[in-house]
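Just below is one structure, and these are the notes that go with it.
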Amino acid sequence: MSIEENKALIHRYMEAVDKGSVAALDEFIAPDFVDHNPFPGVAPGLEGAKQAFAIFLNAVPGYHTVDDLIAEGDKVVARMTGYGTHERELMGIPPTGKQLKTTGIAIWRIADGKIVEHWGEADMLGMMQQLGVVPTGGE
């Protein structure tokens, strides 16, 4: 696939994620997918990605913006912002009803039209501060 096709795949993937369909992940993620930074407590493969997706979809429904999208070769990198409301338990934290805004960077490797690898970093400290679990610097 071309660089532009890879970027278009990631745009469609992010749209599917925001629509909230766990089943749609099969369209975008290869069966032998490896997540190099899996969500705590889930396996680093496709089933783990589905579990992590379902956990966040249930606990913090919302949407993402893709703030930057860069591609080279078989990799696509995105700087994203996620928005949601903490409606159900997340990582043992009872629902707070708070609005969350979390930034992150993801790198995907694409082969044969599917995502085969993922690396990601998110501002988990900022999220925990927004949830009131970790004090901010001024507290």
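Readers should treat all values here as calculations from the given coordinates under stated rules, not as data from a laboratory. Here the structure is a predicted model, which means the values were calculated and not measured. Heads up, the Cβs are rebuilt from the backbone with ideal geometry, glycines too, and the neighbour counts pull from every protein chain shown.
Would you be so kind as to identify which of 119, 99, 82 lies farthest towards the positive end of the dipole of the stretch 3-131, taking Lys and Arg as +1 and Asp and Glu as -1 on Cβ and the Cα centre as origin?
The one lying farthest along the dipole's positive direction is 99.
Counting helices only, and only those DSSP H runs with n ≥ 4, report the 222 nm mean residue ellipticity of the chain as the sum of -39,500 (n - 2.57) divided by its residues, in deg cm²/dmol to the nearest 500. Write out the running numbers ahead of the final one.
Values: 4 runs with 43 residues, N = 139.
Using -39500 (n - 2.57) per qualifying helix, the result is -9500 deg cm²/dmol.
Quick one: net charge of residue 35's neighbours, Cβ under 13 Å, K/R +1, D/E -1?
Its environment carries a net charge of -2.
Which entry in (1) 36, 31, 27; (2) 40, 30, 30; (3) 49, 28, 24 matches Cα extents along the principal axes in Å derived from the coordinates of this structure?
Recomputing Cα extents along the principal axes in Å here gives the entry labelled (3).
Amide H to amide H under 5 Å from residue 34: which residues, 5+ apart in sequence or cross-chain, H placed 1.01 Å off N in plane?
117, 118
Counting only DSSP beta bridges with both residues in the chain, what percent are antiparallel, rounded to the nearest 5?
Taking every DSSP beta bridge with both residues in the chain, the antiparallel ones total about 90 percent.
Kindly express, to the nearest 10 degrees and within the range 0 to 90, the angle between helix 3-19's C-alpha long axis and the longest C-alpha principal axis of the chain.
For 3-19 against the chain, the angle is about 40 degrees.
To the nearest 0.05, how large is the calculated FRET efficiency for residue 12 and residue 91 if R₀ is 25 Å and r is the Cβ-Cβ distance?
Efficiency, from the Cβ-Cβ distance: 0.30.
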